[in-house]
Amino acid sequence: MSCIVTTAHNQMKTIIKSAAETAIKKGDLPGAEIPEFNIEIPPDSKFGDFSTNAAMASARAFRMAPAKIAGVLIENMNLGGTYFERCETAGAGFINFFLNPGYYSDILLDVCEKAGDYGKSAFGEGKKALVEFVSANPTGPMHIGNARGGALGDCLAEVMSWAGYYVEREFYVNDAGNQIEKFALSLETRYLQLYKDGVEMPEDAYHGQDIADHAKNFADVHGDKYVEAEQSERREALVDYALPLNMAALETDLLKYRIKYDTWFLESSLYKSGAVDKILAILKESVYTYENEGALWFKATEFGCEKDFVLIRSNGIPTYIVPDIAYHYNKLVERGFDVAIDVLGADHHGHSLRLNPTVEAFIAKGRLEIVLMQMVNLVSGSETIKLSKRSGKAITLVTLLDEVSVDAARFFFNYREANTHCDFDLDLAVEKSSENPVYYCQYAQARICSILKKLNEKNIDTEAVNAENLKLLDSTEEKELIKHIASLTGEIETAAKTRNPSKITKYAMELAALFHKFYNQCRVDTEDEALRGARITLCSAVRQTMKNVLGILKIDAPEQM
């Protein structure tokens, strides 16, 4: 929560506890300690700005009906020097508090003071979080699911950073294992086809044009040098040529998408460094493993799984889960991150059911979190779209960004929670109307800039802030707008805590809606100079808040549209 909201909450607690102490001294309440109670925001502002269940929580302690306790507490309250002007009882014993003008003015002053840092907090206490996302197979271009994962993971990392965590972003490069072997086979086949007849492409190989292009370019450099070479030498040369190009392309495409990673972690490094061997030794000595028919099994049923599963096959070859255990050992033990967050597609659900218990058993409990992301459907009208309108190719991240703006892609992919399916409306994403949510938010920002520009052209000072004049902002529209501004820090903290960055897009849309509502009801360039100055400050505060929110999403905050 922002410092002003926190102060108001603390004042409420002090007011209630002091009222109880006074009532006990007067004999209005029996001697007892008031229990912990909740403070909430009522769904309807007519029930106050804040509400508490303190009376109901105290019913057992004071052996009295909640409604009567609430009445006694109110009779003994002192609101002097606080953000509250009055309070009243409601229902079965709720106590509703109403804010005074000083609260609203202090919120706006807080925005003016903190500017680009408004919304940040120390909620995360500097804990180290590693967010791994996208981690697309480096053997080909990124698909549309990677596009959603990129926006989601990057925004989650930014939200957590604003909430006071130390955050790093990581891309895990699967440059070892079956997919690289298939990559090598595919490149080799296309390369040999350039020089030999009758070389057929296996059905389970990669058939994309990118494979053929790599083979042709490799041949342009090396000619037929590797045609008669040993298979292992030929495949290694092809992969050593093509894989770095693919990784460079991935990095370029992601930078275009406004994603910059702190680390590109190679799976192969786990083998070269001996990390996998180290984990194998740990697994063999663990109380959570046992041998059966020459294989090493994990006691998965002790961690809630339906059945145990193999870690090391009877031939001594580790299963796919072992390098993942080594990777998370590197994250949580060797690099010392407090929490590892993996953003994975829903097709990794089965894998997550195995990875979570192994990390808990062999590394640490409660320090791996997996955010599962549902599928994406691209739609236009009533049709599901498979091909790009411009290129006619299957839609990847690159072709998507040819169709829509980066702003629209990042906003739309963070519009819903990760665990819900995403229907990405290509027509809506390019529409310049209030129906397009990202356009709606950016238009609010541009409208404020236009208002302030026109006032400046009339030689009206838009920078001056008068704290006393801010208390004139007492209309329903003004108060609702300021209260929403006040909730930003709390929304960021909640989004970080729940690992749900969609809360930020929803916050931005509501901020835009409340501003447009205010603008339609309250004239900014009014003849009342004091009120005009206050409303200018309110507009500036909304502009700064929207800029900060769009910044978290890495979306432009335009001054004109």
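Looking at the stretch 520-540 only, could you name the residues that are closer than 17 Å to C449 by Cα, assigned to a helix (DSSP H, G or I) and touching a residue at least 12 places away in the same chain (Cβ under 8 Å)?
R532, G533, A534, R535, I536, T537, L538, C539, S540
For the stretch 541-561, give me each residue that is in a loop (DSSP other than H, G, I, E, B) and under 23 Å from C155 (Cα atoms).
L553, K554, I555, D556, A557, P558, E559
For the stretch 43-148, list the helices (runs of 4 or more DSSP H) that sit wholly inside it and hold at least 3 residues that are more than 30 Å from D338 (Cα to Cα) and open to solvent by 50 Å² or more (accessible area, probe 1.4 Å); which are they?
Those helices (runs of 4 or more DSSP H) span 66-75, 101-114.
Scanning the stretch 310-343 for residues that are basic (K, R) and under 19 Å from S273 (Cα atoms), which turns out most open to solvent (accessible area, probe 1.4 Å)?
R335
Filter the stretch 328-347 down to the residues that are without any contact (Cβ under 8 Å) to a residue 60 or more places away in the chain and farther than 16 Å from H421 by Cβ and list them by number.
Those that are without any contact (Cβ under 8 Å) to a residue 60 or more places away in the chain and farther than 16 Å from H421 by Cβ: H328, Y329, L332, V333, E334.
Table: residues versus (1) touching a helix residue (DSSP H, G or I) at 6+ places or on another chain (Cβ under 7 Å); (2) under 21 Å from S286 (Cβ atoms); (3) among the aromatic types (F, W, Y).
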{"site": "P318", "(1), (2), (3)": "yes, yes, no"}
{"site": "Y327", "(1), (2), (3)": "yes, yes, yes"}
{"site": "N330", "(1), (2), (3)": "yes, yes, no"}
{"site": "D338", "(1), (2), (3)": "no, no, no"}
{"site": "D342", "(1), (2), (3)": "no, no, no"}
{"site": "D347", "(1), (2), (3)": "no, no, no"}
{"site": "I370", "(1), (2), (3)": "yes, no, no"}
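Just wondering, is there one or more residues in the stretch 333-346 that are at pLDDT below 95 and of a type outside the set (A, V, I, L, M, F, W, C)?
Taking every residue of the stretch 333-346 in turn, at least one turns out to be at pLDDT below 95 and of a type outside the set (A, V, I, L, M, F, W, C).
Within the stretch 269-285, work out how many residues are out of contact with any Ser or Thr (no Cβ under 6 Å at 6 or more places or on another chain) and open to solvent by less than 20 Å² (accessible area, probe 1.4 Å).
Total satisfying the criteria: 4.
State whether the residues of the stretch 413-424 include one that is touching a Phe, Trp or Tyr at 6+ places or on another chain (Cβ under 6 Å), within 14 Å of V379 (Cβ to Cβ), open to solvent by 10 Å² or more (accessible area, probe 1.4 Å) and of a type in the set (A, V, I, L, M, F, W, C).
no
Name the single residue, out of those in the stretch 163-190 being under 30 Å from I492 (Cβ atoms) and of a type in the set (D, E), that is most open to solvent (accessible area, probe 1.4 Å).
E168
Under 9 Å by Cβ, and 6 or more places apart or on different chains, what pairs join a residue from the stretch 395-412 that is closer than 18 Å to V134 by Cβ and open to solvent by 10 Å² or more (accessible area, probe 1.4 Å) with one that is part of a loop (DSSP other than H, G, I, E, B) and of a type in the set (F, W, Y)?
Here the result reads L401/Y257; V406/Y257, each pair linking the stretch 395-412 to a residue that is part of a loop (DSSP other than H, G, I, E, B) and of a type in the set (F, W, Y).
Give me the residue from the stretch 2-33 that is part of a loop (DSSP other than H, G, I, E, B) and on the phi < 0 side of the Ramachandran plot and, out of that set, modelled with the lowest pLDDT.
For the stretch 2-33, the residue satisfying everything is S2.
Hey, can you tell me all the residues within the stretch 357-378 that are in a strand (DSSP E or B) and touching a residue at least 60 places away in the same chain (Cβ under 8 Å)?
Selection gives E369, V371, M373, V376, L378.
Would you tally the residues in the stretch 454-464 being open to solvent by 70 Å² or more (accessible area, probe 1.4 Å) and of a type outside the set (D, E, K, R)?
Summing the residues that are open to solvent by 70 Å² or more (accessible area, probe 1.4 Å) and of a type outside the set (D, E, K, R) in the stretch 454-464 gives 2.
State all residues of the stretch 486-510 that are among the β-branched types (V, I, T) and open to solvent by 10 Å² or more (accessible area, probe 1.4 Å); if no residue qualifies, say none.
Hits for the stretch 486-510 are T494, T498.
Which numbered condition in (1) in contact with an Asp or Glu (Cβ under 8 Å, 6 or more places away or on another chain); (2) at pLDDT below 95; (3) not basic (K, R) is the only one that N178 fails?
All conditions pass for N178, except number (1).
Tell me, which strands (runs of 3 or more DSSP E) lie completely within the stretch 252-310 with 1 or more residues that are under 30 Å from N137 (Cα atoms)?
Ranges flagged: 263-266, 295-298.
Please work out which one of (1) surrounded by 18 or more Cβ atoms within 10 Å (Cβ to Cβ); (2) under 30 Å from H484 (Cα atoms) is the condition L29 fails and give its number.
Failing condition for L29: (2).
Identify, from the list A508, A512, A534, the residue that is over 28 Å from R410 (Cα atoms) and of a type in the set (G, A, S).
Testing whether each residue is over 28 Å from R410 (Cα atoms) and of a type in the set (G, A, S) leaves just A534.
Just need a number here: residues in the stretch 191-242 that are free of Cβ contacts under 8 Å to residues at least 12 places away in the same chain and either assigned to a loop (DSSP other than H, G, I, E, B) or loosely packed, with under 13 Cβ neighbours inside 10 Å (or both).
15
The values are calculated or read from the model by the stated rules, or taken from the named source; none is laboratory data. Just so it is clear, the model here is predicted, and its values are computed rather than measured. Glycine also receives a Cβ, built like all others from the backbone with ideal geometry; neighbour counts cover every protein chain displayed. The area values use the complete protein model at the heavy-atom level, side chains included, leaving out ligands, DNA and RNA. Shrake-Rupley method; radii C 1.70, N 1.55, O 1.52, S 1.80 Å.
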